[in-house]
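The values are calculated or read from the model by the stated rules, or taken from the named source; none is laboratory data. Here the structure is a predicted model, which is why all the values come from computation and not from measurement. Reconstructed Cβ throughout: ideal geometry from the backbone, glycine too, with neighbour counts over all protein chains shown. Surface areas here come from the heavy atoms of the whole protein model, side chains and all, with no ligands, DNA or RNA. Shrake-Rupley method; radii C 1.70, N 1.55, O 1.52, S 1.80 Å.
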Amino acid sequence: MTWPSGDEVSLRLAELLGGPADYERLKSAGELAPKFVGGDLVARIRALRYKEGSERASLDTIDWSGIDELVNGDAQAVLAELGAVRTGAYADLFPPATRFKLEPAVTVSTDDPAPLFAVYAATRIVPIMKAHGKAFSEGPNL
């Protein structure tokens, strides 16, 4: 969906037909909102995390090393291999940013937005699977 201002899109990539209830959270908390910058899209990267005292995962800040843990490797290299134009700090990729300047971000071409799907999987689905942030895991959430 493109917002009326025309400078931001919303990507909610979940259509759930069944499975563990934790995945229902993707409907309300799993959105990516990249901004248009020239012919590209820039997305600030956040990850779902179970916070202490909460049974529901919420989007939270994460750094590149945390994303590396979620993908079990070098997340920036993976995104580059998938076609990301650039990765880095949000302020470097989206100069008008006034907040969240040091948070991780990715730039993708509007002609090849595939890396956004990888970001979504790594920072939305994998954290639910791994119970990211919970003090203990009851087992894989598959």
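Points worth noting:
- Search result, residues across the stretch 37-82 that are within 25 Å of residue 110 (Cβ to Cβ), without any contact (Cβ under 8 Å) to a residue 40 or more places away in the chain and out of contact with any helix residue (DSSP H, G or I) (no Cβ under 7 Å at 6 or more places or on another chain): 38, 77, 80, 81
- Options 108, 85, 71, 42; residue that is surrounded by 15 or more Cβ atoms within 10 Å (Cβ to Cβ), among the β-branched types (Val, Ile, Thr) and in contact with a Gly (Cβ under 8 Å, 6 or more places away or on another chain): 108
- Selection count, the stretch 35-59, where residues are more than 10 Å from the chain's Cα centre (by Cα) and either part of a loop (DSSP other than H, G, I, E, B) or of a type in the set (D, E, K, R) (or both): 11
- Residue that is nearest to residue 109 (Cα to Cα), among those in the stretch 23-33 that are within 10 Å of the chain's Cα centre (by Cα) and open to solvent by less than 30 Å² (accessible area, probe 1.4 Å): 32
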